[in-house]
Amino acid sequence: MNLLLQDPFSVLKDYPEKLVSTLENPLNTECLQFSPGGDYLALGCSNGAVIVYDMDTNRPINMLGSRSGSHVQAVNSIAWSPCGRYLISTSRDWYIKLWDLAMPEEPFREVVMDSSVWNCSWLDGRRFLAVATVLEEKDAFLVDFNVGNLEDEVKVLPIIPHKAEEENNKGYILVATAYPKQSDIIVTGSSKGWLTFYKIEEEAGNFDFQILSTERIGATNIKHIIISQSGDRLAINCSDRTIRQFSLNVNNYPEDSKGTIVEMEQEHKYQDVINKLQWNFIFFSNNSAEYLVASTHGSSAHELYIWETSTGTLVRVLEGAEEELMDITWNFYNMSIASNGFETGSIYIWSIVIPPKWNALAPDFEEVEENVIYDEKEDEFDQVDINEQQQEITEAEEVPIDLETREQFDVRCNDLSQKYFTIPMDYQHIMFLQSTKMMDGA
């Protein structure tokens, strides 16, 4: 039923409230991420497989690398391109693979690193640039997939400033991400709590790196860094059981000697003061980042916590899972949150349950709990005057109804004008996956 016909107080809720479904993955999910349009959910599995689910049917439609080239060890991270056609996967087998979902039988481009890859995220989808972090490396790496010239190898450049300062032991780089509003700015976090902003300068195919800002957030590992889509909020998950939220402002002055200036100010700290639990993963809500969701670490913790970022107050605890939850992803189009379990690898999905509003179709419609004997009135179904009936039809036809033009925004203000790639279905390997599931169940 059309969302416009539903109860607006139910449709326009800002976060999910109820566990609605559980997807059982026989290959044990390690990481997951929704596509940019929310139509698909990609799962990285413990055996190296990458499976894509269709969220309209909650069924798998494709398995990447079905012909050759799939990972041989657990997948650590997955990243969708902005158009939804390309996908980056990293694994403990030291490989970073770029997949073209129009030809998912084998990797489109790949590169092997010197150790296991922590994660890899898109820097610029149009130029096929990404940023990656590797186990026990002091620097993050810029990955240029060279899609324009497939004969050349994939370029991997360590992100080292041209004018390096005195060597300071800031630990290993654990996480790196790109600033969403400027594709030439990278944020990294180290094992000793250092947060660093880099600016990338490219000239004639050569890359140079400049440090914009360096700040020590704490004395422990920085496990995750997330930035809101609007670019004005930043959250950091550390090993000291604290999530720190900052207001972020990146100003670019190209005509001034100041260059690019990064301004940060701490807004809130999120902690579990009772159980002293750590946090496995964090994720912001939509463009304005009104909410922050986190999964808890520990065998007795089976919930997702949601805080309001403007006040720092806890507004919801999503329950229903029967195991510890790990990775988190948020679909803003149908307002649903997905997370994978640590023990079984199943995917738990929380969403909004909208009760049917039948009186939107018929204003005089009334719901009844039991059958009611209806007494027909004497003139209830008598024919009315033909002229009066024709006049009502004419008035109804005068109202212009456009059935062709698509709305630019939905009721949740998500942009519908953006066109995303439609993934072809791989029937053969999906049947193999379903048979594997049946064998595991037996």
Only residues in the stretch 412-423 that are open to solvent by less than 50 Å² (accessible area, probe 1.4 Å) count as the first member; pair them with residues that are in a strand (DSSP E or B), Cβ under 7 angstrom, at least 6 apart or cross-chain, and list the lot.
L416/F409; I423/Y40; I423/V52; I423/I61; I423/N62
Across (1) part of a loop (DSSP other than H, G, I, E, B); (2) surrounded by fewer than 22 Cβ atoms within 10 Å (Cβ to Cβ), E110 clears everything bar (1)
Here are some conditions: (1) surrounded by fewer than 21 Cβ atoms within 10 Å (Cβ to Cβ); (2) free of Cβ contacts under 8 Å to residues at least 60 places away in the same chain. A102 meets all but one. Which one does it not meet?
(2)
With Q408, Q390 as the choices, which residue is at pLDDT below 75, of a type in the set (S, T, N, Q) and either open to solvent by 90 Å² or more (accessible area, probe 1.4 Å) or out of contact with any strand residue (DSSP E or B) (no Cβ under 9 Å at 6 or more places or on another chain) (or both)?
Q390
Whichever residue in the stretch 35-89 is more than 22 Å from T422 (Cβ to Cβ) and assigned to a strand (DSSP E or B) and, among such residues, is most open to solvent (accessible area, probe 1.4 Å):
N76
In the set F128, F141, F145, which member is open to solvent by 20 Å² or more (accessible area, probe 1.4 Å), at pLDDT 90 or above and within 23 Å of P36 (Cβ to Cβ)?
F128
Pairs with Cβ under 6 Å, 6+ apart, first in the stretch 50-69 and over 18 Å from G37 (Cβ atoms) and touching a residue at least 60 places away in the same chain (Cβ under 8 Å), second open to solvent by 40 Å² or more (accessible area, probe 1.4 Å) and among the acidic types (D, E):
S66/E105
Considering each of I186, I160 in turn, give the residue that is crowded, with 20+ Cβ neighbours inside 10 Å and either out of contact with any Ser or Thr (no Cβ under 7 Å at 6 or more places or on another chain) or modelled with pLDDT of 90 or more (or both).
I186
Residue check, T311 against (1) at pLDDT 90 or above; (2) crowded, with 19+ Cβ neighbours inside 10 Å, all met but one. Which one?
(2)
Looking at the stretch 191-201, which of the residues that are of a type outside the set (F, W, Y) and touching a Lys or Arg at 6+ places or on another chain (Cβ under 9 Å) is nearest to V134 (Cα to Cα)?
S191
So N359 clears everything in (1) at pLDDT below 90; (2) in a loop (DSSP other than H, G, I, E, B) except one condition, right? Which one?
(2)
For the stretch 210-228, give me the residue count where each residue is touching a Cys at 6+ places or on another chain (Cβ under 8 Å), open to solvent by less than 50 Å² (accessible area, probe 1.4 Å) and assigned to a strand (DSSP E or B).
1
Considering only residues that are within 22 Å of I306 (Cα to Cα) and in a loop (DSSP other than H, G, I, E, B), look in the stretch 1-34 and name the one that is modelled with the lowest pLDDT.
L12
Can you tell me which residue in the stretch 90-99 is most open to solvent (accessible area, probe 1.4 Å), limited to those that are part of a strand (DSSP E or B) and out of contact with any Cys (no Cβ under 8 Å at 6 or more places or on another chain)?
Y95
Hey, S285 hits all of (1) open to solvent by less than 10 Å² (accessible area, probe 1.4 Å); (2) more than 27 Å from E215 (Cβ to Cβ) but one; which does it fall short on?
(2)
Tell me, please, whether a residue that is surrounded by 14 or more Cβ atoms within 10 Å (Cβ to Cβ), small (G, A, S) and farther than 22 Å from I274 by Cβ can be found in the stretch 327-339.
yes
Within the stretch 191-206, identify whether any single residue is more than 13 Å from I236 (Cβ to Cβ), of a type in the set (S, T, N, Q) and in a strand (DSSP E or B), and answer yes or no.
yes
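The values are calculated or read from the model by the stated rules, or taken from the named source; none is laboratory data. Quick caveat: nothing in here was measured; it's all calculated off a predicted structure. In this analysis, Cβ positions are derived from the backbone assuming ideal geometry, glycine residues included, and neighbour counts consider all displayed protein chains. Protein only, heavy atoms only, side chains kept; ligands, DNA and RNA dropped before computing areas. Shrake-Rupley method; radii C 1.70, N 1.55, O 1.52, S 1.80 Å.
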